[in-house]
Amino acid sequence: MAVFASIDLGTNTVRLLVVESNKKGFKPLHSNQVITRLGEGLSNNGVLIDKAMERTISIVLNFKDEASKYNPSAIWVVATSAVREAKNRSAFIEKIKRVTGLQLEVIPWEEEARMTLLGVFSGNLPLSLLNKEGSKGRTIIFDIGGGSTEYVFTENEKLINSVGTDLGVVHLSEKYIKKDPVNDEELKALENVIADKIKNVKDEINTAFSIPHSALLIGTAGTVTTLAALDLNLYPYAPKKINGYILKLKNVKKLLDRFKKMPLKERRNIPALEKGREDLIIPGAVIVIKTMEIFGFDSMIVSDYGLREGIILAKMSSFI
C-alpha cells in the first residue's frame with residue numbers, strides 16, 4: 001500500500017497528516033500540528049509579514065522531515081485563506097519551493113469546502129447521529145479558520161452548496177479586540193459583525209436548501225475542537241474523545257462568559273486551551289454561538305476530521 005502526506009497551511013495553524021492507503025480509504029500513521037499564525041497582520045497591510053513566513057516555512061520543513069521517515073509517494077502542501085489573500089503570495093510560494101523543495105498549491109475557498117466535506121465524512125462520526133430520523137440526510141458543516149469560515153450544505157453526504165465568508169478568527173481578533181480582557185463594547189461590535197455575515201449566509205442558501213428541524217450541524221477545525229476539549233476539560237488532547245462529541249449551545253455560551261472576563265495571561269494557564277489560541281477563542285466562540293442561533297441548533301456534532309484528511313482523499317484518488 002502507498003503512503004501519502006498532506007500539509008494544510010492555514011492562516012493560524014499548520015497541520016500534518018501521514019497515511020497509508022487501503023481499500024477503505026486510508027489508515028493514519030502520523031499527525032502533528034503547530035500554530036504559526038501565518039496570517040498575522042495580513043488584515044492590516046495585505047501581505048504576509050517576514051517573521052510569520054519564516055515561522056511557517058520552518059515548520060513545513062520540519063513536517064517534511066517527519067513525513068519523509070515514512071517514505072511517502074507524495075507530500076501535498078495546500079494553502080488556504082492567508083496565502084489566497086496575500087499580495088506577496090507568489091514570493092511566498094517561491095520561497096517554500098526553494099527552502100523545502102515542496103510545491104505549494106493555493107486552493108480557492110470552494111475547493112477548501114469540498115475537501116473539508118470529504119474529510120469530515122471520512123471520520124466515522126456516529127451513524128446514529130447522521131441518520132437522524134426526518135433529517136432528509138441534510139447537514140450543515142462549518143469550518144472556522146484563521147482567515148475565513150466556510151459553510152457546506154450537504155444531503156446524504158453529497159455537496160449541495162457552499163458559502164465562503166471572511167470570518168477568520170485571526171482577522172477578527174486583530175480588528176475588533178484591543179482591550180485585555182475584552183470589554184462589552186468590543187464584544188458587542190464583534191457579535192454584530194459576525195451575526196450579520198452569518199445571516200447573509202443563511203439568506204443566500206435559503207432559496208436552494210431547506211433546513212429541516214432534524215438536520216444536523218457539524219463543526220470542524222481548531223476552534224470547534226478546542227471548545228469541545230474545554231467543555232470536557234480534556235488535557236492532553238484526545239482525538240477519539242473529541243470526534244463525534246455533542247457540543248451544546250448553552251455550554252459554549254458559558255465558556256465565552258468565562259473567557260471574556262479573563263485577561264490573556266490567565267487564559268494561557270488553562271491546560272485544555274491550546275497555546276496560541278488564547279486570544280482567538282473569543283471570536284471563535286462567537287462564530288459558533290451565532291451559527292447555532294441563526295441556523296436554529298441547540299447542539300452540534302464536533303468533527304476532529306477536516307481539511308487535511310480531505311486533501312489526502314481528493315489527491316489520492318487521482319494519484320493512484
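Computed across region 125-304, the Kirkwood hydrodynamic radius from all distinct Cα-Cα pairs reaches 16.5 Å. Note on region 80-201: semi-axes of the ellipsoid equivalent to its C-alpha gyration tensor, largest first and rounded to whole Å, are 29, 25, 12. For region 25-32, putting each phi into the Karplus relation 6.51 cos²θ - 1.76 cosθ + 1.60 with θ = phi - 60° gives couplings of x, 7, 10, x, 10, 7, 8, 7 Hz, in residue order, rounded to whole numbers and with x for Gly and Pro. Mean-square fluctuations from a GNM of the chain, with a 10 angstrom spring cutoff on Cα atoms, peak among Val18, Val99, Val224 at Val99. Cross-linked pairs Lys51/Lys197; Lys178/Lys250; Lys87/Lys179; Lys188/Lys253: Cα-Cα separations exceed 21 Å for Lys51/Lys197; Lys178/Lys250; Lys87/Lys179. For the peptides 288-298, 183-193, residues were scored by their other Cβ atoms within 10 Å and the scores averaged per peptide; the highest-first order is 288-298, 183-193. Start at zero, step by 10 Å, and the Cα-Cα distances of the chain spread as 6, 28, 36, 24, 6, 0 percent across the bins. With a simple spin-label model that places each label point 7 Å from the Cα along the Cα-to-Cβ direction, the separation between Ile246 and Glu155 comes to 2.7 nm. Does region 8-130 come out rounded, prolate or oblate, given a ≥ b ≥ c as the square roots of the eigenvalues of its C-alpha gyration tensor, rounded meaning a/c under 1.5 and, failing that, prolate meaning a/b above b/c? Verdict is oblate for region 8-130.
Taking amide H atoms as placed 1.01 Å from N in the peptide plane, the amide H of Tyr305 has no partner under 5 Å among residues 5 or more positions away or on other chains. Helix screen, the chain: DSSP H segments with Cα axial length of 20 Å or more and mean Kyte-Doolittle hydropathy at least 1.6 are 281-295. Other residues within the sphere of radius under 10 Å centred on the Cβ of Glu112, judged by their own Cβ, net out at -3 (K and R +1, D and E -1). So the label point goes 7 Å from the Cα of Leu61 along Cα→C-beta, right? Which residues of region 95-127 then have their backbone N under 16 Å from it? Backbone N within reach: 95-103.
With helices as the sole contributors, the chain gives -13500 deg cm²/dmol at 222 nm; each DSSP H run of n ≥ 4 counts as -39500 (n - 2.57), and the sum is divided by every residue. About its Cα centre, the dipole of region 125-304 is roughly 480 debye, where the only charges are +1 on Lys and Arg Cβ and -1 on Asp and Glu Cβ. A straight line joining the Cα centroids of region 235-303 and region 1-61 runs 22 Å. The charge dipole of the chain, taken about its Cα centre with unit charges on the Cβ of Lys, Arg, Asp and Glu (plus for the first two, minus for the last two), comes to roughly 580 debye.
Globularity index of region 246-292 is 1.10 (Cα radius of gyration / 2.2 N^0.38 Å, N = number of residues). Other residues with beta-carbon under 14 Å from the beta-carbon of Phe92 carry, at +1 per Lys or Arg and -1 per Asp or Glu, a net charge of +2. Projecting the Cα atoms of Asn32, Ile57, Gly46 onto the charge dipole of region 15-82, computed from C-beta unit charges around the Cα centre, puts Asn32 farthest toward the positive end.
Taking the chain as a Gaussian network of alpha-carbon nodes connected by springs under 10 Å, the highest mean-square fluctuation of the residues Asn161, Asn22, Asn12 belongs to Asn22.
Only the coordinates and a few stated rules stand behind these numbers; no lab work does. Note that this is a predicted model, so its numbers are computed, not measured. Heads up, the Cβs are rebuilt from the backbone with ideal geometry, glycines too, and the neighbour counts pull from every protein chain shown.
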